[in-house]
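Colleague: Supplied in structure tokens, the structure appears directly below.
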Amino acid sequence: MIPEVNAPHPYLSRTRSFTRRGDRMPPRHQVAYDDLAPRYVIDVPRDGGETTVDPAYTLDVADVFGRTAPLVVEVGPGSGDALLAGAAARPDWDFLALEVWRPGIGQALMHLREQQPPNIAFVEADAAVALQTMLPEASVAEVWTFFPDPWPKRKHLRRRIVQPEFAGTVCRVLAPGGIWRLATDIEAYATHMRRVLDADERFELVSTERASLRPVTRFESKGVAVGRTITDLAYRRR
Ligand SMILES: C[S@@+](CC[C@H](N)C(=O)[O-])C[C@H]1O[C@@H](n2cnc3c(N)ncnc32)[C@H](O)[C@@H]1O
């Protein structure tokens, strides 16, 4: 049999919602990363790349946080504004952040340096892939996807993380009654989110009000400053 050479790796060949932008960070973020990553960034086994998690691996969330509590998974926290505010407001919940951009994690670690909350952990990973396997089914109370990269060009629309496949991935980890919160400052992305999730009968729209735990982030302020309207959506897993 002729061996299949040059077959694309399944993770590398898929459409990604991000581009690798390099790992260089300002020195103070790097210092925070070097000091705090051993405590806050979970060293997961990899498979096929820096942002992919071995699909055979299941994260033991109770072991990570040393307790069992409602779990919020934030997809793409960036510099961590919503994550840190949420964790401070709800010390009785645990917050797992999945972020592909290490400098963002460095910045978030710099911000949490003083308080050092016990209810936050990061995995440096592509959430669209990791959430397919890394967490048990129905183990998450809320998933947050705030201001995902908008990919406005027509040829890039497939790169938006909110897609029917990703809705299935989120649905798998959400407990029945669990909530997927989304926010965007791009009207076309809000319409796209509604189109994808309104068509998915596993979800029902329960709110278009601003999420009470969601602070005004730097990212949001920039959008508002250029006249954009913010859309908040909350869908419940039926
Ligand atoms: C536009 S930023 C928004 C950051 C933050 N949520 C906020 O509101 O300020 C989008 C973030 O999502 C991250 N991201 C994009 N695709 C991702 C994926 N597949 N898995 C994890 N993080 C992702 C990016 O690296 C970036 O930090």
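The values are calculated or read from the model by the stated rules, or taken from the named source; none is laboratory data. Predicted model only: the values in this text are computed from it and were never measured. Ideal geometry is used to build each Cβ from the backbone, glycine not excepted, and the neighbour counts take in all protein chains shown. For the accessible areas, the whole protein counts, side chains as well, though only heavy atoms, and no ligand, DNA or RNA atoms are used. Shrake-Rupley method; radii C 1.70, N 1.55, O 1.52, S 1.80 Å.
Colleague: In whole angstrom, note down how far apart the Cα centers of segment 114-182 and segment 56-97 are.
Modeller: 12
Colleague: Mind checking the per residue accessible area of segment 22-237 for me, 1.4 Å probe, whole number of Å²?
Modeller: Per-residue value: 46 Å².
Colleague: Which of Leu71, Leu36, Leu131 ends up with the largest GNM mean-square fluctuation for the chain, with Cα atoms connected below 10 Å?
Modeller: It is Leu36.
Colleague: Multiplying the sequence separation of Asp43 and Ala56 by 0.36 nm and subtracting their Cα-Cα distance, what value in nm do you get?
Modeller: Stretched out fully, the Asp43 to Ala56 stretch lengthens by 3.2 nm.
Colleague: Collect residues whose amide H, placed 1.01 Å from N in the peptide plane, falls under 5 Å from the amide H of Ala97; neighbours closer than 5 in sequence don't count.
Modeller: Glu74, Ala121, Phe122, Val123
Colleague: Along the charge dipole of the chain, which of Thr184, Gly227, Leu71 sits closest to the positive end, that is, farthest toward it, with unit charges on the beta carbon of Lys, Arg, Asp and Glu (+1, +1, -1, -1)?
Modeller: Checked the options; the winner is Gly227.
Colleague: Under 17 Å from the 7 Å Cα→Cβ point of Arg21, by amide nitrogen: which residues of segment 190-219?
Modeller: Residues 217-219 qualify, since their backbone N sits under 17 Å from the label point.
Colleague: Taking segment 104-153, which GluC sites (Glu not before Pro) meet the DSSP loop condition and have no more than 13 other C-beta atoms within 10 Å?
Modeller: Listed in order of number, the matching sites are Glu114, Glu137.
Colleague: Going by a ≥ b ≥ c, the root eigenvalues of the Cα gyration tensor, does segment 31-151 fall in the rounded group (a/c under 1.5), the prolate group (a/b larger than b/c) or the oblate group?
Modeller: Cα axes put segment 31-151 in the rounded bin.
Colleague: Something else now. Which of rounded, prolate, oblate describes segment 145-238, given a ≥ b ≥ c as roots of the alpha-carbon gyration tensor eigenvalues and a/c under 1.5 marking rounded, otherwise prolate only if a/b is larger than b/c?
Modeller: It is oblate, given that a/c is not under 1.5 and a/b is not larger than b/c.
Colleague: Could you work out what % of the accessible surface of segment 98-148 is carbon and sulfur, using a 1.4 angstrom probe and leaving DNA, RNA and ligands out of the count?
Modeller: That fraction is 45 percent.
Colleague: Positive end of the charge dipole of segment 24-168 (Lys, Arg +1 and Asp, Glu -1 on Cβ, about the Cα centre): tell me which of Met110, Trp93, Ala56 has its Cα farthest that way.
Modeller: Met110
Colleague: Right, something else. Can you tell me how the chain classifies by the Cα gyration tensor, rounded, prolate or oblate, using a/c under 1.5 as the rounded cut?
Modeller: rounded
Colleague: Which residues does the label zone of Gln116 cover in segment 22-50, counting backbone N under 15 Å from a point 7 Å along Cα→Cβ?
Modeller: Under 15 Å, as judged by backbone N against the label point of Gln116, lie 32-41 of segment 22-50.
Colleague: Would you mind calculating the relative contact order of segment 22-237 from Cα pairs under 8 angstrom and at least 6 residues apart, reporting the percent as a whole number?
Modeller: Relative contact order of segment 22-237: 21 percent.
Colleague: Antiparallel DSSP bridges in the chain: what percent, to the nearest 5?
Modeller: Of all bridge pairs located within the chain, approximately 35 percent are antiparallel.
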